[in-house]
Amino acid sequence: MTIIRKLRISDKNKVKNMISFLGNDEAEKFAKKLISTSCDIFHYWLPLKLKFLAESYVLVDDNDLHGMISVIPAIGNPHKINITKLLFKKDYYDIGKHLVEFIISRFGAKGAQTFIAAVDDSHDELLKLFIDGCGFRKCASEELWRVNNIDFRTSETTVFRRFRNSDAQAAAMLFNDSLITHFKPSLLKTKNEFTDSFFAGLSDGTEFKYVLEDINLRTLAAFFSIKTYDNHNYIIDVTISNGFIPDYDVILGFARNEIQKRQKDFTMFIKSKKYIQNSENFEEYLKEKDFKCVQNQMILVKDFYKLIKQEIPTHEVILFAETGRPVFKI
């Protein structure tokens, strides 16, 4: 009998077998991290507003595992669900659709309003699965640029400080004001999405947040975060006020110094958000510095839920893994 159920610790070897094409070491790491971050049986029973960890579900037929999906609520907004991993045998797209539809149905019934997936723009079949098969729409895109080992300018007059929860409202206003108008309905963020929660230390990854204040206007001129999932690859995400002329060299130089305080051997990446008003100027800066774009992801959104059916066929494996994380080895 075919069912969709919670991922169990006993599923570890089955997941490893599905992704054996990655090699034994990588498959072991993937399966081990998956089990450690999404097998908390108590978390599955929490109401939606209290969820903060990833959850994973598998589609099994008798004792055979045919697919797996992982989701996590947006920090501070449990009504926004991020689909972070989707794993199924290649050409068995009906299995992928069943898993996505299961998540939409399950979490939609609990009160979720928006479902988001970030898919590499080279994965045409995955894009087709989400868009044509499950009713998602292309909303926006983000790029990831690898930073060369260059010298950045510094400034004694530009003073950054660590983010405080009291900055959350200003950070949300800064982000929302920076959005290009037609992206706002889907991408607006609330104050709670910037607030550090009590369970932040249990999340998948480590994040450091900083702000630059505009003393004259008594508001934020810039907000940026440094995030890592493996203590080697660090992603810088910068949001600048529309009325502020940024010196990206100073911002990135400060960010690199902060990383160097914690890690000597690392690779730094910059996220370019194509849906904010100063994205073209930022991209020009990245090109001038000769940084390399290593990833382009489409942000897919579904703001409602309904079930759809379709058919099955063949073998091999396809793996989709999370928004924002580099899926390559350095």
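Every residue, every condition in (1) part of a helix (DSSP H, G or I); (2) not acidic (Asp, Glu), yes or no:
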site	(1), (2)
Ile81	no, yes
Asp94	yes, no
Phe107	yes, yes
Ala112	no, yes
Phe115	no, yes
Val119	no, yes
Glu125	yes, no
Ile131	yes, yes
Gly135	no, yes
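Scan the range 40-64 residue by residue and report those that are within 20 Å of the chain's Cα centre (by Cα) and of a type in the set (A, V, I, L, M, F, W, C).
Of all residues in the range 40-64, those within 20 Å of the chain's Cα centre (by Cα) come to 48-57.
The answer is Leu48, Leu50, Phe52, Leu53, Ala54.
A search for C-beta distances below 8 Å between a residue of the range 255-282 that is farther than 22 Å from Ser241 by Cα and any residue that is surrounded by fewer than 16 Cβ atoms within 10 Å (Cβ to Cβ) and of a type in the set (A, V, I, L, M, F, W, C), counting only pairs 6+ apart in sequence or on different chains, returns Thr267/Ile330. Run down Thr206, Thr157 and say which single residue is exposed (fewer than 12 other Cβ atoms within 10 Å of the Cβ) and within 20 Å of Glu258 (Cα to Cα). Of Thr206, Thr157, the one residue that is exposed (fewer than 12 other Cβ atoms within 10 Å of the Cβ) and within 20 Å of Glu258 (Cα to Cα) is Thr157. Counting residues in the range 7-28 that are of a type in the set (Phe, Trp, Tyr), assigned by TED's automatic domain parsing to the domain that holds Lys89 and within 19 Å of the chain's Cα centre (by Cα) gives zero.
Quick check: is even one residue across the range 182-199 of a type outside the set (Phe, Trp, Tyr), assigned to a strand (DSSP E or B) and at pLDDT 90 or above? If you could, list the steps in order and put the result at the bottom.
Here is the first cut: in the range 182-199, the residues of a type outside the set (Phe, Trp, Tyr) are 182, 184-193, 195-197.
Applying the additional criterion that residues be assigned to a strand (DSSP E or B) yields none.
The answer is no, given that none of the residues of the range 182-199 is of a type outside the set (Phe, Trp, Tyr), assigned to a strand (DSSP E or B) and at pLDDT 90 or above.
Each residue in the range 22-49 was checked for being surrounded by fewer than 11 Cβ atoms within 10 Å (Cβ to Cβ) and in a helix (DSSP H, G or I), and 3 pass.
The values are calculated or read from the model by the stated rules, or taken from the named source; none is laboratory data. Computed from a predicted structure; not experimentally measured. We place every Cβ from the backbone using ideal geometry, glycine too, and count neighbours over all the protein chains shown.
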